[in-house]
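J.: Before I ask anything, let me first share the structure, which is written out below as structure tokens.
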Amino acid sequence: MSAARALLGRSAAAHAILIAYTLIALFPVFVIVVNSFKTRRAIFAEPLALPTPETFSLVGYQTVTRQGDFLLYFQNSLIVTVASLFFVLLFGAMAAFALSEYRFRGNRLMGLYLALGIMIPIRLGTVAILQLMVASGLVNTLTALVLVYTAQGLPLAIVILSEFMRTVSDDLKNAGRIDGLSEYTIFFRLVLPLVRPAMATVAVFTMIPIWNDLWFPLILAPAEATKTVTLGAQVFIGQFVTDWNAVLSALSLAILPVLVLYLIFSRQLIRGITAGAVK
Amino acid sequence: MTDRKPFPWHVAVFLAPAVAVYTAIMIIPLFATLNLALFTSIDRQPVFAGLENFRTLFGDPRWSEAFWNALGNNAWFFVVHMLVQNPIGVALAALLSSPGLRLAAFYRTAIFVPTILSFVIVGFAWKLILSPIWGVAPSMLDAVGLRSLFAPWLGQEETALTTLALISVWQFVGIPMMLIYAALLSIPDEVLEAAEMDGITGWSRFWKIQLPLILPAIGIISILTFVGNFNAFDLIYASQGALAGPNYATDILGTFLYRTFFGFQLQLGDPHMGAAIATAMFFIILAGVCVYLFAIQTRLRRYQF
């Protein structure tokens, strides 16, 4: 009887702590999004209140659409993220397959070489990367960003994917070989479909830092035509510091797409983290 | 000799694209940057200078003061993460993994939300919330009767860095939480049941059974935090600008590198000094990774079930 009550008490305490922390985690996002829909007066008078019919206003969003070219920024971010993701997944899976499937001299060394990038951040090479991009005329192009993000995403992708590819049954691949399938067909037709869940996990992990990066867009592609959303929001907010409606709306516009994508993929992401750690 | 295997072309084809992009964009520029640090430019021509740039960086008071300030701030930034982020992450994970907890998936998803937001959003959102002009923070403190505690935390030299570190903790606490949660889930039920048979439950179960088993995961989180912190830039740049105000109180190695490389206000950018700072950061991170690999990881006991 008392043991059951103690258990109940403990679970209530656990919920209380978790709810408190959830509020801390979500509160800033809530304040920003809610206030972006209010009039300037209401933003300052009642920052924590929900918008009512009297205080509802879209003036901030109007300023954002009139002044900033956010549609273009979104398009740039989308192109860069999708293209980088495609190359990271394709090249990463190919290399992971080579490392996990074939025994060749230097296999372990190659694995270590490719994993180096997980520990040493690519940013430290920025000075030379910029020189390289200037020399090849790629400054202020989205190609430069795609190249950098592909290189940045590969190490982790290769490590995670080769871990998963080791679990694909050898019998299946050997059956394919006996049927006369080439190594390329075995990879694309047999192995890739089987590691699709791992690919989704890698995709989410690769996507978030690319979409959110400020450093490389700022350095390699700061031109108006190639700005990403993150850089665009940063510059826009810098210019409109005093226009609170516009700032809050720009922030909300930057939050919402990521939030929606996250809610769609969150199960995949969490399953991926949990699976990766369980050996 | 005829039974020698043909050259495995397919292996080369599978490896080539990844190795090519990775080597060309990551490894070569990294070493080119280290090399660049050994040169200086005279009349726009690179001239070999040996370790002269490092002598300037550590010897010239104008440079060394800024460097040690940035390094010290960076170290404090890391200490705050280790002392606040990781314990909170472990605690949340321990709560989440308690058996039969309802809504665990909801809490997990919600607490991870800040981690997916960009630094620009996080920096500005907190800047607005802590702003004395808007008054969200002061009026909330007022509601619990602690109004007197409010100060413009981001604007004061003494508190700005710690405030930013705590904002970063708020953003990234989801990562240790998730990794520790995964590690806790991977502990087999038999181990916990055996402990229960011996009367070890609740707190002592966490301290005596679960914590020793998740130490390797805590080690990985520590090194990830270290690399991430000594490479940080975006949050400081987004909320305090490249000058890392007030009066360089929030300057860390990333912002120092950015200012040196690109110049700011009247000072011109200097790629060679920038490369020297990047080299210093490279060795700091390398040292941290080596300490982890050789001193910590080898001593952690791993249990196989």
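J.: Picking from A:T201, A:T65, A:T242, which is most flexible by a Gaussian network model of chain A using Cα springs under 10 Å?
T.: So, out of A:T201, A:T65, A:T242, the one fluctuating most is A:T242.
J.: If you don't mind, there's one more thing I want to ask. Could you tell me the relative contact order of the range A:68-239? Use alpha-carbon pairs under 8 Å, at least six residues apart, and round to a whole percent.
T.: 40
J.: In terms of Cα to Cα distance under 18 Å, which aspartates and glutamates are near enough to A:K38, apart from those fewer than 8 places away along the same chain?
T.: Answer for A:K38, where 18 Å is the Cα cut-off: A:E46, A:E54, A:D243, listed by chain and number.
J.: Going toward the positive end of the dipole of the protein assembly as shown, with +1 on Lys and Arg Cβ and -1 on Asp and Glu Cβ, which of A:L154, B:L51, B:L71 do you reach last?
T.: Going by the Cα projections, it comes out as A:L154.
J.: Follow-up question, since we're still on this one. For B:G263, what residues show an amide H to amide H distance below 5 Å, using hydrogens built from the backbone and excluding near sequence neighbours?
T.: B:G269, B:D270
J.: What number, in percent, do you get for the relative contact order of the range B:52-296 if the mean sequence gap of Cα pairs under 8 Å and at least 6 apart is divided by its residue count?
T.: Answer for the range B:52-296 is 27 percent.
J.: Run the simple label-point estimate for A:L8 and A:L259 please: 7 Å along Cα→C-beta, distance reported in nm.
T.: 3.6
J.: Now a separate question. Distance in nm between label sites at B:L293 and A:A49, each 7 Å beyond Cα in the beta-carbon direction?
T.: Here the answer is 6.0 nm between the modelled labels.
J.: Could you work out the relative contact order of the range B:38-111? I mean the mean sequence separation of Cα pairs under 8 Å and 6+ apart, divided by the number of residues, in percent.
T.: Across the range B:38-111, relative contact order equals 13 percent.
J.: Please arrange B:D60, A:D170, A:D213 by counting, for each residue, the other beta carbons lying within 10 Å of its beta carbon, fewest first.
T.: Lowest to highest Cβ neighbour count: A:D170, B:D60, A:D213.
J.: Could you compute the FRET efficiency for A:L190 and B:Q267, with r as their C-beta to C-beta distance and R0 at 56 Å, rounded to 0.05?
T.: Taking R0 as 56 Å, the efficiency between A:L190 and B:Q267 is 0.45.
J.: Which of B:A104, B:A66, B:A238 moves most in a GNM of chain B, Cα contacts under 10 Å?
T.: B:A104
J.: Run the numbers for B:L149 and B:L215: contour at 0.36 nm per residue of separation, minus the present Cα-Cα distance, in nm.
T.: 20.0 nm
J.: Which of the listed residues, B:L92, B:P138, B:V120, is farthest toward the dipole's positive end in chain B, when Lys, Arg count +1 and Asp, Glu count -1 at the beta-carbon?
T.: In chain B, that residue is B:L92.
J.: Can you find, among B:G219, B:A280, B:G241, the residue farthest towards the positive end of the dipole of the range B:202-305? Put +1 on the C-beta of Lys and Arg, -1 on that of Asp and Glu.
T.: B:G219
J.: Another question, then. Give me the dipole magnitude in Debye, nearest 20, for the range A:136-197 about the Cα centre, with unit charges on the beta carbon: positive for Lys and Arg, negative for Asp and Glu.
T.: Charge dipole, the range A:136-197, about its Cα centre: 100 debye, nearest 20.
J.: Can I ask one more? What residue among B:G241, B:G135, B:G269 shows peak mean-square fluctuation when chain B is described by a Gaussian network model with Cα springs under 10 Å?
T.: B:G135
J.: With label points built 7 Å along Cα→Cβ from the Cα atoms of A:R108 and B:Q45, find their separation and express it in nm.
T.: 4.9
J.: Another question about this same structure. Rank these for me by crowding, A:I43, B:I42, B:I175, going from fewest to most other beta carbons within 10 Å.
T.: B:I42, B:I175, A:I43
Each value in this text was obtained by applying a stated rule to the coordinates, not by laboratory testing. These figures come from a predicted structure and were not determined experimentally. Methodologically, a virtual Cβ is constructed for each residue, glycine included, from the backbone with ideal geometry; neighbour enumeration extends over all protein chains shown.
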